[in-house]
Amino acid sequence: RLQESRERLSVCSKLCYAVGGAPYQITGCALGFFLQIYLLDVAQLDPFYASIILFAGRAWDAVTDPMVGFFISKTSWTRFGRLMPWIIFSTPFAVISYFLIWFVPDISRGQVMWYLVFYCIFQTLVTCFHVPYSALTMFISREQSERDSATAYRMTVEVLGTVLGTAIQGQIVGKVVTPCIESPLFIGKTNSSVAMEELNMTHDTGSLTDTRNAYMIAAGVIGGLYILCAVILSVGVREKRESSELQSDEPVSFFRGLKLVMNHGAYIKLIAGFLFTSLAFMLLEGNFALFCTYTLGFRNEFQNILLAIMLSATLTIPLWQWFLTRFGKKTAVYVGILPAIPFLIMVAVLDSNLIVTYIVAVAAGISVAAAFLLPWSMLPDVIDDFKLQHPDSHGHEAIFFSFYVFFTKFTSGVSLGISTLSLDFAGYQTRGCSQPSEVNFTLKMLVSAMPVGLILLGLLLFKLYPIDEEKRRKNKKALQDLR
């Protein structure tokens with residue numbers, strides 16, 4: 001009991017720790033919901049090049065996670081800890097690169113390279129923040145209940161971060177109407193129609209400039225929040241060195257640790273289950289703005305619909321934390337994620353209706369909360385299970401977290417690249433006030449049929465996950481005896 005009391009975290013410590021999760025979610029949500037429509041309708045890139053940027057940026061982001069995990073495993077302890085220096089030094093450069101993503105350079109050529117370079121730079125720097133922050137879960141307390149509690153605080157703040165990202169980006173940008181072009185029939189354009197299009201573009205130049213300025217203002221506000229959260233985390237959280245488990249200062253072998261981690265059955269099954277469910281929500285996130293704008297016809301409402309999703313998710317995080325404590329984490333996966341399926345089908349099948357869309361948004365937010373909370377709550381259980389099977393192998397926490405994020409990000413990059421490319425094949429018209437029926441059908445597939453199939457596949461694979469509540473309690477008791 002004395003040991004447990006020493007391991008207890010104060011509410012202040014949990015809040016300071018939780019605040020550190022907001023920057024990744026605020027920027028990630030703004031990029032996830034708005035970058036695709038920004039590249040297509042504001043920066044006016046061809047959909048083919050936009051798909052390259054989205055895929056390459058996400059793929060590079062995925063690659064940087066294990067790279068950063070490798071370097072963290074080689075990092076020696078300092079008086080600030082082993083993980084905290086990564087968070088502190090990456091922050092200012094990440095904010096600068098984030099701002100430049102939302103800036104439209106005045107160059108006729110090289111725009112594609114501009115966005116690709118700064119998107120990749122930002123993804124690298126935010127990884128240098130988020131991988132050590134994720135691994136910090138294992139170094140704030142050895143008590144499983146305290147880590148679960150801190151994770152719940154963190155998930156609440158992270159989902160609140162997605163609300164902030166959606167609200168700041170959506171409300172600032174939504175106050176400015178992005179100009180669109182009433183294009184003639186897409187087949188057999190005449191010279192007069194081309195001239196009319198050029199006239200419309202000239203007429204809308206001022207409004208497009210206002211839209212670009214709005215995106216930069218939103219980027220400045222989000223960058224300021226990023227810095228504030230990083231300061232609170234670094235000041236309010238103390239990284240604890242687990243002296244009873246780390247007996248030497250010698251860096252662990254990364255590749256030996258990677259081999260051990262990838263041979264751990266519970267970890268692979270957890271990744272397999274959540275990979276597809278996470279991918280479903282990411283696919284929905286990446287295409288939802290275009291779906292609301294063109295397929296549903298809510299051009300001036302989509303930012304409020306996104307906000308409804310994130311507010312619903314934020315308010316239900318405490319509910320899911322209570323549910324997984326009461327009924328178990330594995331049960332919470334099915335109860336939390338499965339109900340999203342009928343609502344995703346409903347929004348695609350029913351005629352466009354704003355009230356129905358808001359109801360679907362609130363229902364989807366409840367499942368988004370479960371999808372956010374459960375993977376990060378269950379990963380520490382997998383790490384504890386690994387420690388019992390490999391009691392002499394330590395310091396692999398960053399590998400567990402970084403490779404989980406790697407697989408999720410890489411597959412989401414592939415899916416976003418393919419989805420944007422499929423819009424190009426369907427005939428997407430940049431800055432069009434409306435889109436061909438083929439584009440609307442493609443968007444329905446991307447936000448309904450494909451996410452439903454991915455959720456079903458993920459839940460089916462999750463049946464193989466071996467750590468239920470009984471197994472988790474046995475592991476906790478065995479770890480306490482081992483210590």
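The values are calculated or read from the model by the stated rules, or taken from the named source; none is laboratory data. Note that the coordinates shown come from a computational prediction; the quantities given were computed from them, not determined experimentally. As a convention, Cβ positions derive from the backbone with ideal geometry for all residues, glycine included, and neighbour counts pool all protein chains shown. Accessible surface areas use protein heavy atoms only, side chains included; no ligands, DNA or RNA. Shrake-Rupley method; radii C 1.70, N 1.55, O 1.52, S 1.80 Å.
Some observations on this one:
- Heavy-atom accessible surface of the stretch 4-144: percent carbon and sulfur, 1.4 Å: 69
- Sparse packing (at most 14 other Cβ atoms within 10 Å of the Cβ) combined with a DSSP loop state is found for none of the trypsin sites (Lys or Arg not before Pro) in the stretch 323-362.
- Here r is the Cβ-Cβ distance between residue 438 and residue 89 and R0 is 41 Å; the resulting FRET efficiency, rounded to 0.05, is 0.30.
- Of the trypsin sites (Lys or Arg not before Pro) found in the stretch 78-119, those in coil by DSSP whose Cβ has at most 11 other Cβ atoms within 10 Å are 79, 109.
- Distance from the C-alpha centroid of the stretch 355-411 to that of the stretch 19-66: 21 Å, rounded to the whole angstrom.
- Accessible area in square angstrom per residue, the stretch 253-482, 1.4 angstrom probe: 39
- In the full protein context, the stretch 11-63 carries 25 Å² of accessible surface per residue, based on a 1.4 Å probe and ignoring ligands, DNA and RNA.
- Label sites at residue 325 and residue 210, each approximated as a point 7 angstrom past Cα along Cα to Cβ, lie 4.9 nm apart.
- Around the Cα centre of the chain, unit charges on the Cβ atoms of Lys, Arg, Asp and Glu (plus for the first two, minus for the last two) sum to a dipole of about 1460 debye.
- If R0 equals 25 Å, the separation of the Cβ atoms of residue 335 and residue 145 corresponds to a calculated FRET efficiency of about 0.70.
- Here the accessible area is traced with a 1.4 Å probe on the protein chains. For the stretch 324-416, carbon and sulfur cover 72 percent of it.
- Projected label distance in nm at residue 75 and residue 356, using a 7 Å step from Cα toward the beta-carbon: 5.0
- Residue 471 accessible area, assembled protein chains, probe 1.4 Å, Å²: 80
- Computed over the stretch 253-482, the alpha-carbon pair-distance distribution with 10 angstrom bins reads 7, 30, 31, 19, 10, 3, 0, each value a whole percent.
- Helices meeting the span-like rule in the chain (full DSSP H runs, Cα extent of at least 27 Å along the helix axis, mean Kyte-Doolittle score of -1.0 or higher): 22-41, 47-73, 111-135, 144-174, 205-236, 265-290, 302-327, 354-389, 397-426.
- Projected label points at residue 44 and residue 460, each 7 Å from Cα along the beta carbon direction, are separated by 4.6 nanometres.
- Listed by chain and number, the lysines whose alpha-carbon sits under 25 Å from that of residue 409, ignoring those within fewer than 8 places in the same chain, are 74, 259, 269, 329, 330, 444, 463.
- Charge dipole (debye, nearest 20) of the stretch 403-481; +1 at Cβ of Lys and Arg, -1 at Cβ of Asp and Glu: 420
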